[in-house]
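Colleague: Attaching a single structure in structure tokens format; questions to follow.
What follows is calculated from the coordinates using simple rules that are stated; it is not laboratory data. Values in this document were obtained by computation on a predicted structure and should not be read as measured data. A quick note on method: Cβ atoms are made from the backbone with ideal geometry, for glycine too, and the neighbour counts reach across all protein chains shown.
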Amino acid sequence: MKRILFSLIFSLLILLPLFSSRAFSADVYEITVQGVISPPVSAFIGDSLKKAADARAGALLILLDTPGGLDTAMREIVKAMMDAPIPTIVYVYPSGARAASAGTIILIAAQVAAMAPGTNVGAAHPVNVGSGKMDKEMMAKVVQDAEAYARSLAAKRGRNVEWAAKAVRQSVSVTAGEALKARVIDVVADSVDDLLSKVDGRVVEVGTKTVALQTKGARVVNVEMPFKYRLLSYISDPSVAYLLMMIGFYGILFEIYSPGTIFPGVLGGISLILALYAFQTIPISYAGLSLILLGVIFFVVELKVASHGLLGIAGVISIVIGSVMLVDLPQSWLSISWLSIATVAVASIIFFLGVLSYAVKAQLSKVRTGREGMIGEIGVARSDIAPSGKVFLHGELWDARAEDPVEAGERVVVIAVEGMMVKVRKHEGEGQERRGDLI
């Protein structure tokens with residue numbers, strides 16, 4: 001009996017750590033993150049973690065493919081992962097995907113870091129964005145802060161601290177196989193099923209507790225990004241935000257030129273508000289934005305000042321230069337595409353030519369109001385005019401006189417206005433109409 005009791009106590013002592021681990025055997029929630037790490041993506045991941053935790057899911061699986069993104073959005077994601085009551089598995093997938101820049105830090109912060117063959121991770125050196133350039137001292141501080149952040153996360157997850165520091169400081173990048181050998185990640189898997197099978201039984205730390213993953217054969221629940229976040233992510237693209245801004249400017253300008261059209265003004269207002277939202281998440285150059293606004297002002301002034309097109313040309317040049325300066329970064333994923341800039345330049349030229357032709361046409365067109373607008377108008381004689389009488393014009397009876405006699409009922413054309421009397425002659429056809437002098 002003593003031997004049996006001793007064996008039972010010894011077995012319990014050995015199995016005690018496993019009983020203290022909280023085992024999850026529920027479904028695995030899966031989300032896909034592709035593209036730039038932005039505030040909408042950060043909010044989506046945070047909501048997904050909460051949804052998975054409320055459903056008592058075994059883990060949240062993030063399929064990651066990103067060139068990087070904003071530091072603030074990345075840190076929000078990391079904080080949400082650290083505070084979540086369930087483990088997070090970040091999987092760089094599919095083959096050909098990458099976890100660069102901000103994606104590297106997110107991968108390191110996960111309880112389980114995995115990559116598919118043919119993927120890469122690294123190049124996490126911070127890049128200055130915004131309206132001004134940092135000096136060397138300030139940039140060094142930013143790099144040191146990012147390096148310390150990467151080191152702390154790697155140490156927290158038991159990963160290669162030195163490599164994490166090099167990824168920030170030297171922008172090093174490695175393949176999936178190299179990352180596994182360097183202890184940057186935990187596993188290389190060919191597919192989601194292969195990944196869940198390989199990480200099954202792994203003990204990870206969630207908050208202050210340890211969790212034994214039970215993922216083999218688990219049901220994968222795919223969580224789609226809600227339309228709200230998809231729309232906001234699309235709008236946050238620099239090229240889309242830029243085009244929305246220009247549509248907003250031109251829509252409002254068109255409404256100013258043609259009051260009462262309504263639709264261009266409404267479309268312009270909505271587009272401009274959406275662009276302003278996007279610029280809250282995209283670091284922009286205020287010098288570039290000022291040049292674009294100056295170009296729009298040139299278009300407005302062109303209608304008021306006879307510059308013979310010089311202001312319009314200056315407006316096009318100002319808009320193009322401002323567009324190039326608006327978001328000027330080394331990474332192509334956070335810059336305005338040249339196609340978008342070229343499209344706006346062509347549209348600006350067309351808009352300018354349209355405005356110019358409208359102004360010229362307005363100057364050359366016949367005056368249609370006031371005394372000047374009466375000249376050339378056609379009416380009907382209501383009495384004999386020899387040399388004076390009455391004519392009917394614009395629904396009104398006017399005193400009229402004519403050099404040659406006109407019989408009642410004949411059509412007449414106004415050739416001059418003399419005070420409150422019109423000077424007319426017989427109307428012999430549209431081709432013979434002529435404008436007289438204003439008296």
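Colleague: Please work out, to two decimal places, the log10 of the ratio I(q)/I(0) at q = 0.17, 0.29 Å⁻¹ from a Debye calculation in which every Cα of segment 372-432 carries one identical scatterer.
Modeller: So the normalised log intensities are -0.43, -1.34.
Colleague: List Asp237, Asp190 from most exposed to least, where exposure is judged by having the fewest other Cβ atoms within 10 Å.
Modeller: Asp190, Asp237
Colleague: What list do you get for Arg157, Arg183 if you sort them by fewest beta carbons within 10 Å?
Modeller: Result, fewest neighbours first: Arg183, Arg157.
Colleague: Sort Ile415, Ile108, Ile336, Ile282 so that the residue with the fewest other Cβ atoms within 10 Å of its own Cβ comes first and the one with the most comes last.
Modeller: Least to most surrounded, the residues fall as Ile415, Ile282, Ile336, Ile108.
Colleague: Count charges around Val33 for me, please; just the other residues with Cβ under 14 Å from its Cβ, Lys/Arg as +1, Asp/Glu as -1.
Modeller: -3
Colleague: Now a separate question. Residue by residue through segment 192-199, which ³J(HN,Hα) values in whole Hz follow from phi under the Karplus form 6.51 cos²θ - 1.76 cosθ + 1.60 (θ = phi - 60°), with glycine and proline marked x?
Modeller: 5, 4, 5, 5, 4, 6, 6, 8
Colleague: Between Ala140 and Thr208, what FRET efficiency comes out of the Förster formula 1/(1 + (r/R0)^6) with R0 = 30 Å and r the beta carbon distance, rounded to 0.05?
Modeller: 0.25
Colleague: Given the pairs Lys51/Lys156; Lys50/Lys141; Lys304/Lys426; Lys136/Lys228, which are separated by over 29 angstrom at their Cα positions?
Modeller: Checking Cα-Cα distances, Lys50/Lys141; Lys304/Lys426; Lys136/Lys228 exceed 29 Å.
Colleague: Give me the percent of Cα-Cα pairs in segment 171-282 that sit more than 20 Å apart, rounded to a whole number.
Modeller: Result: 67 percent of Cα pairs exceed 20 Å.
Colleague: List the GluC sites (Glu not before Pro) within segment 152-225 that DSSP assigns to loop and that have no more than 15 neighbouring Cβ atoms inside 10 Å.
Modeller: Hits after loop and neighbour filter: Glu224.
Colleague: Further question: With θ taken as phi - 60° and the coefficients 6.51, -1.76 and 1.60, list the Karplus ³J(HN,Hα) couplings across segment 253-270 in order, rounded to whole Hz; mark glycine and proline as x.
Modeller: Working through the residues one at a time gives 4, 4, 5, 5, 6, 10, x, x, 5, 6, 4, x, x, 5, 4, x, x, 5 Hz.
Colleague: For segment 372-432, give the magnitude of the charge dipole about the Cα centre (Cβ charges: +1 Lys/Arg, -1 Asp/Glu; no others), in debye to the nearest 20.
Modeller: That gives segment 372-432 a dipole magnitude of about 100 debye.
Colleague: Follow-up question, since we're still on this one. So, counting K/R as plus one and D/E as minus one, what does the shell of residues with Cβ under 11 Å around Asp47 add up to?
Modeller: +2
Colleague: Moving on. Please sort 53-66, 143-156 by packing, taking for each peptide the average over its residues of neighbouring beta carbons within 10 angstrom, highest first.
Modeller: 53-66, 143-156
Colleague: What three numbers, in Å, describe the spread of the alpha carbons of segment 32-167 along their principal axes, ordered from the longest?
Modeller: Each principal axis gives a Cα extent; for segment 32-167 these are 48, 29, 28 Å.
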